[in-house]
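Please read the structure below before turning to the comments.
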Amino acid sequence: MSVTGGCQCGAVRFRAEALGRASICHCRMCQKAFGSFFGPLVTGKGVTWTRGAPTHFQSSNVVKRGFCAACGTPLTYEYDGGIEIAIGALDEPEKAAPVIQVNPADMLPFFDRLHTLPFRKQGESPAADAFMRSVIPHQHPDHDTAQWPPKGGEA
């Protein structure tokens with residue numbers, strides 16, 4: 001089961017021959033690296049870079065994190081034992097449903113209540129609905145492309 005993925009702008013693309021265990025990490029370094037409440041990661045097996053390559057930040061004495069230098073998308077968590085891929089960077093992130101949470105000591109105190117927050121539904125805010133209709137994405141599509149940005153309508 002080969003899977004593909006890449007950054008938001010399309011400058012960095014990868015292929016993994018297989019995926020391993022998917023997790024969400026609550027450590028403070030993952031929170032900072034992802035700019036989020038946690039870091040969603042999946043073990044990548046046989047990872048190759050098919051367009052460009054990540055830039056790295058040595059986030060600790062044993063871990064470096066890969067990201068796109070052009071758009072900032074978090075891509076990897078790398079250590080001597082292997083490589084973890086950011087689940088959101090996969091073209092089909094639904095293939096990597098997390099099965100475990102790690103580093104609960106750093107979990108933000110409101111995290112376990114997020115599922116109780118109300119959703120703003122379409123039609124409840126005409127201004128928000130109008131804004132969303134006006135958005136024209138410039139990000140790379142969720143599949144490999146021969147080139148990016150596209151020339152002649154490829155997407």
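The values are calculated or read from the model by the stated rules, or taken from the named source; none is laboratory data. What you see is a predicted model, and the numbers here were worked out from it, not measured in a lab. Quick reminder, even Gly has a Cβ in these numbers, built from the backbone with ideal geometry, and neighbours come from all protein chains shown.
A compact table of results
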item: Within segment 1-15, considering residues that are modelled with pLDDT of 95 or more and within 16 Å of A97 (Cα to Cα), the one surrounded by the fewest Cβ atoms within 10 Å (Cβ to Cβ); result: T4
item: Filter pass, Q122 being under 14 Å from A11 (Cα atoms) and in a loop (DSSP other than H, G, I, E, B); result: no
item: Residue satisfying condition, being more than 22 Å from C30 (Cβ to Cβ) and touching a helix residue (DSSP H, G or I) at 6+ places or on another chain (Cβ under 9 Å), within set Q147, Q139, Q122; result: Q122
item: Pair list, Cβ under 6 Å, 6 or more apart: segment 90-116 residue touching a residue at least 12 places away in the same chain (Cβ under 8 Å), other residue in a loop (DSSP other than H, G, I, E, B) and of a type in the set (D, E); result: D91/D142
item: Only one of K95, K151 that is farther than 25 Å from L41 by Cβ and either surrounded by 13 or more Cβ atoms within 10 Å (Cβ to Cβ) or of a type outside the set (A, V, I, L, M, F, W, C) (or both); result: K151
